[in-house]
Amino acid sequence: MEGVSLRLPSPLVELDDERIARHGLRLFLKRDDLINPEIPGNKWRKLKYNIAVAKAAGVSTLLTFGGAYSNHIRATAAVGHYYGFQTIGVIRGEEHLPLNESLAYASSRGMSLVYLDRTTYRRKTSPEVTTKLLERFGDCYLIPEGGSNSAAARGCVELTGEIDVPFDVLCCACGTGGTLAGISAGLNPGQRALGFAALKGDFLAADVVRLQRDSFGEPLGNWSINTEFHFGGFAKRTAALDTFIQDFGRRHGVTLEWVYVAKMMYGIYALADRGFFPPGSRIVAVVTG
Ligand SMILES: *Cc1c(COP(=O)(O)O)cnc(C)c1O
């Protein structure tokens, strides 16, 4: 595909950390955050086959959904810019001017922004709402909120094939669960995937099951989701999380993205301290952004 330069396979680095080693564990970071500065992490993997399907269908406009701070909205705008698609971002809530940094970026990459009030936004997948959007914007390729559909899950499967060390557990942060659904499908027998929910609520596992059924014919039994480390909910943070991020940055020179990645990493360290991972386990943590 033409487009932008992508660092693939993304780097895999082992962390030298006594807090992991003392439990007899090894921890590797899969640095998907380094794939491309404008299309970080799992967002490229999730969009890759979506744009291929859209192109094959001859559709030149991508339409997708998200909140005002959505990384998926930003990434869709960037992908549209580099791969020759018009993009429309349907944003939850009212317009606030000046645009925040995320939406200003999306707009600078040519994305048209439209706003749906919260009540209508909640019904965004209903036929009334999608029909209205298609009437207004013409033929569009619709990508769901967060980008999680079958094409996205297939793109995430490829992450596992890039890991060239033996490992036992593959960890990722979960927003919509699309990344977890995909990576778990790429595992070998005996390996497991562990998702860390970045938001409150119990709906994620059901969403992953549904997505795996749609994408791979059946849900897989090799994953689970930990819901203990959301730190108050989506985009909420606490002093303990901030301290962890500072400490991690000092030790490893990596600034953890706080909405998703830091919560997963905190969870991995906490579970390691609790003896959750059997000694000898090799853990790969996906740095999704
Ligand atoms: C979008 C995003 C996620 C969540 O991915 P899902 O597939 O929606 O679960 C995780 N980490 C980062 C950095 C993200 O931007």
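The values are calculated or read from the model by the stated rules, or taken from the named source; none is laboratory data. Since we're looking at a predicted model, the values are computed, not measured. All Cβ positions, glycine included, derive from the backbone under ideal geometry; neighbour counts span all protein chains shown. With ligands, DNA and RNA removed, areas are computed over all heavy atoms of the protein, side chains included. Shrake-Rupley method; radii C 1.70, N 1.55, O 1.52, S 1.80 Å.
The table that follows gives values for the structure above.
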quantity	calculated
Segment 60-139, accessible area per residue, ligands and nucleic acids excluded (1.4 Å, Å²)	52 Å²
Most to least accessible of 216, 203, 244 (protein chains only, probe 1.4 Å)	203, 216, 244
Pairwise label distance in nanometres, residue 237 with residue 21, each label 7 Å out on the Cα-Cβ vector	2.9 nm
Within the accessible area of the chain (1.4 Å probe), percent carbon and sulfur	51 percent
Residue-wise HN-Hα coupling along segment 84-95, computed from phi with Karplus coefficients 6.51, -1.76, 1.60 (Hz; x: Gly, Pro)	x, 10, 6, 9, 10, x, 9, 9, 6, x, 8, 6
Length-normalised contact order of the chain in % [C-alpha pairs under 8 Å, at least 6 apart]	22 percent
Cα-centred dipole magnitude for segment 203-279, charges only on beta-carbon of K, R (+1) and D, E (-1), debye, nearest 20	140 debye
Potential lengthening between residue 100 and residue 69 on full extension [0.36 nm per residue; Cα-Cα distance subtracted]	10.4 nm
Ranked order, 109, 237 - accessible area, probe 1.4 Å, largest first	237, 109
From phi via Karplus (6.51, -1.76, 1.60), per-residue ³J(HN,Hα) for segment 157-168 in Hz, x at Gly/Pro	3, 5, 4, 5, x, 7, 8, 9, 10, x, 8, 10
Percent antiparallel among DSSP beta bridges (both partners in the chain, rounded to 5)	10 percent
Check: the chain dipole with +1 on Lys, Arg Cβ and -1 on Asp, Glu Cβ, in debye	220 debye
Accessible area in square angstrom per residue, segment 144-222, 1.4 angstrom probe	38 Å²
